[in-house]
Ligand code: TXA
Ligand code: MG
């Protein structure tokens with residue numbers, strides 16, 4: 001429900017006809033210290049001028065995001081990284097290779113920051129997360145503003161990331177002045193985040209968040225290290241356990257037989273491909289079944305549909321959602337990661 005203090009949220013279509021107008025309007029708002037929701041290839045982001053502390057504060061406010069969770073900064077050109085990151089010649093060499101391999105694209109690097117980036121953006125961390133999006137709207141806006149744009153996913157804190165303008169409106173409608181509608185997101189899960197360090201022999205790529213750029217892609221450029229589970233968020237920003245969560249409780253099980261339905265409750269199944277051999281479909285008379293990759297079982301398709309389907313099930317009125325996990329390979333790692341974080345923690349047996 002909207003409160004009296006809510007504002008009107010304008011939605012502009014960045015279709016071929018409306019593209020320039022939408023980009024210009026977004027740029028104008030950003031230059032005046034406002035926030036705007038923008039499409040990227042992964043999920044929609046809530047953008048603000050990263051060099052303007054009070055604009056960035058509005059992002060935290062609209063999302064109800066705690067100040068200890070730092071934001072990703074988006075740039076338009078590779079050279080801009082030198083304006084915001086402190087890179088030794090050795091680190092610069094590694095970073096150049098990575099950005100030529102994966103930018104523009106769903107890939108974020110955590111690197112030592114320069115003082116031009118305000119502490120509010122990085123939650124006081126000495127590092128900043130940087131990415132260059134491939135989405136034409138985000139690129140055009142960043143380029144025209146000429147400054148780095150801080151943009152976390154455009155959802156309320158801890159909720160499902162939005163992969164369409166409609167989902168952004170449901171999350172933040174009334175809290176932000178504008179959403180630029182650039183259609184559905186191509187990748188569907190958030191960018192891969194890697195903290196880049198020099199290491200002793202080879203560069204170390206600390207995988208802070210699994211995403212569309214997968215471990216196999218990264219291995220060519222350094223030793224991929226999966227950080228140990230952090231005890232608290234202050235220790236490892238970006239690794240909050242509970243995240244991406246629907247309001248309806250979502251459960252995942254080690255094996256289908258572990259599902260013990262409670263009488264009288266209505267259950268939905270979030271199935272990978274709706275196939276009997278996955279073990280869940282025939283287990284129960286589900287009230288609703290949604291498939292991530294109907295029939296074909298393609299992980300990339302499953303990733304694109306994941307948050308959309310989670311949202312649909314959340315709105316379907318069931319009491320609980322049971323989700324199948326997918327193969328732990330390629331982008332399946334990111335899908336399982338989001339499902340685990342969206343799920344209700346199981347009590348240890
Ligand atoms: O695909 C994406 O990355 C999307 C689009 C909009 O670009 N953005 C996104 O932002 O997912 P957000 O804020 O929802 O997630 C950023 C993650 C957070 O978990 C945050 O803790 C982590 O990046 N992060 C940001 N700065 C960091 C830093 N200096 N060190 C470690 N983690 C950082
Ligand atoms: Mg997020």
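The values are calculated or read from the model by the stated rules, or taken from the named source; none is laboratory data. All values reported here derive from a predicted model rather than from experimental measurement. Positions of Cβ are backbone-derived with ideal geometry, glycine not excepted, and every protein chain shown enters the neighbour counts.
Quick notes on this one:
- Selected residue (criterion: farthest from ligand 2 (Cβ to nearest atom)) from residues of segment 54-80 that are closer than 12 Å to residue 149 by Cα and outside any loop (DSSP other than H, G, I, E, B): 80
- Of the residues making up segment 218-234, those that are modelled with pLDDT under 95 and either within 21 Å of residue 338 (Cβ to Cβ) or within 16 Å of ligand 2 (Cβ to nearest atom) (or both) number 7.
- Among the residues of segment 301-328, those identified as touching a residue at least 60 places away in the same chain (Cβ under 8 Å) and out of contact with any strand residue (DSSP E or B) (no Cβ under 6 Å at 6 or more places or on another chain) are 303, 304, 305, 306, 307, 308, 310, 311, 314, 319, 325.
- Filtered by the rule that a residue be under 30 Å from residue 31 (Cβ atoms) and within 16 Å of ligand 2 (Cβ to nearest atom), segment 159-177 gives 159, 161, 162, 163, 164, 167, 168, 170, 171, 172, 175, 176.
- Enumerated helices (runs of 4 or more DSSP H) restricted to segment 86-163, each holding at least 2 residues that are touching a strand residue (DSSP E or B) at 6+ places or on another chain (Cβ under 7 Å) and within 26 Å of residue 310 (Cβ to Cβ): 136-145
Quick grid of which residues meet (1) near ligand 1 (Cβ under 9 Å from one of its atoms); (2) surrounded by fewer than 20 Cβ atoms within 10 Å (Cβ to Cβ); (3) more than 24 Å from residue 217 (Cα to Cα); (4) under 22 Å from the mean Cα position of the chain (by Cα):
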site: 35; (1), (2), (3), (4): no, no, yes, yes
site: 56; (1), (2), (3), (4): no, no, yes, yes
site: 61; (1), (2), (3), (4): no, yes, yes, yes
site: 96; (1), (2), (3), (4): no, yes, no, no
site: 110; (1), (2), (3), (4): yes, no, no, yes
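- Failed condition for residue 309, given (1) on the phi > 0 side of the Ramachandran plot; (2) under 19 Å from the mean Cα position of the chain (by Cα): (1)
- Scanning segment 312-332 for residues that are surrounded by 21 or more Cβ atoms within 10 Å (Cβ to Cβ) and closer than 27 Å to residue 207 by Cα gives 323, 324, 326, 331.
- Scanning segment 15-53 for residues that are assigned to a strand (DSSP E or B) and within 16 Å of ligand 2 (Cβ to nearest atom) gives 37, 38, 45, 46, 47, 48.
- Against the test of being more than 16 Å from ligand 2 (Cβ to nearest atom), more than 20 Å from residue 27 (Cβ to Cβ) and buried (at least 24 other Cβ atoms within 10 Å of the Cβ), the options 141, 180, 194 yield a single qualifying residue, 194.
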